[in-house]
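Have a look at the structure below, then the notes.
What follows draws every value from the coordinates through simple rules; no lab data is involved. Just so it is clear, the model here is predicted, and its values are computed rather than measured. Positions of Cβ are backbone-derived with ideal geometry, glycine not excepted, and every protein chain shown enters the neighbour counts.
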């Protein structure tokens, strides 16, 4: 992971490993100074007060930039000598073979295609011990068991459904020490999700249809039914601010 000035004084560029692929992300220096760093200071205060491993949830709809923001926060935390790591909810997808055999492949990405019970188990284990968590690979389109060792004092978990008010999912909040939600206009995530599918080999028509039939429903659910939020970050497609 590397960061550098991108030629514009007010922006910083990060090159991030996202599920096995290098992704370029840019953030305004003002957002880093006035939103991200104060947020990290708040999280450090929480961990220092509790004197144990803490879990921070970073939730929001697909396409709102959770994954890249989580990894940048991890980078900034390490620059500040904070013991923090970012892990993704995507590692808790059911494997493709399970989705195929249970008729869930066509709705992959819906909350029913995640193993929330395994996530609870890992959260329980990690409260007291270092342990391995699964990670998702976009190269093989499957989770990899024991993909990352969770061993830092602050564990930032990013994922769509972490704050969802649904059976099974709302139990997760018992493990959460601080909850961040990214709010974003539906039209912004629509464009980003369609573009993402096109980069993955879909035609524009296929990507648009997938958004209408699947992604849009998930986006609306997350925006309408996420609860127990401690901090809401508003994202306009370029800038972040505290809502």
- (1) 45, 44, 31; (2) 52, 42, 32; (3) 61, 44, 31, with the label sought being that of the calculated Cα extents along the principal axes in Å: (1)
- Query: Based solely on its DSSP helices, what 222 nm [θ] is calculated for the chain when runs of n ≥ 4 H residues each add -39,500 (n - 2.57) and the sum is averaged over all residues, nearest 500 deg cm²/dmol?
  - Reply: -10000 deg cm²/dmol
- Using a cut-off of under 13 Å, list every residue of the range 208-238 whose amide N is near the label point 7 Å from the Cα of residue 198 along the Cα-to-beta-carbon line. 208-209
- Note on the structure: Most fluctuating of 167, 150, 35 in the GNM of the chain (C-alpha, under 10 Å) is 167
- Message: Under the 0.36 nm per residue contour assumption, what length would be gained going from the current alpha-carbon distance of residue 83 and residue 146 to full extension?
- Response: 20.6 nm
- Message: Taking 8 Å as the Cα distance limit and 6 or more residues as the minimum spacing, I'd like the relative contact order of the chain as a percentage.
- Response: 25
- Task: Multiply the residue separation of residue 32 and residue 209 by 0.36 nm, subtract the distance between their alpha-carbon atoms, and state the gained length in nm to one decimal.
- Result: 60.1 nm
- Taking every DSSP bridge whose two residues both lie in the chain, the antiparallel percent to the nearest 5 is 50
- Among 183, 226, 97, determine the one that fluctuates most according to a GNM of the chain built with springs between C-alpha atoms less than 10 Å apart. 97
- Query: How much length is gained on full extension from residue 98 to residue 138, taking 0.36 nm per residue of separation minus their Cα-Cα distance?
  - Reply: 12.7 nm
- Note on the structure: Cβ density ranking, 10 Å radius, fewest first, applied to 127, 11, 44 yields 127, 11, 44
- Whether the range 128-243 is rounded, prolate or oblate, judged on the alpha carbon gyration tensor where a/c under 1.5 counts as rounded: oblate
- With r defined as the distance between the Cβ atoms of residue 224 and residue 112 and R0 fixed at 25 Å, what FRET efficiency is calculated, to the nearest 0.05? 0.90
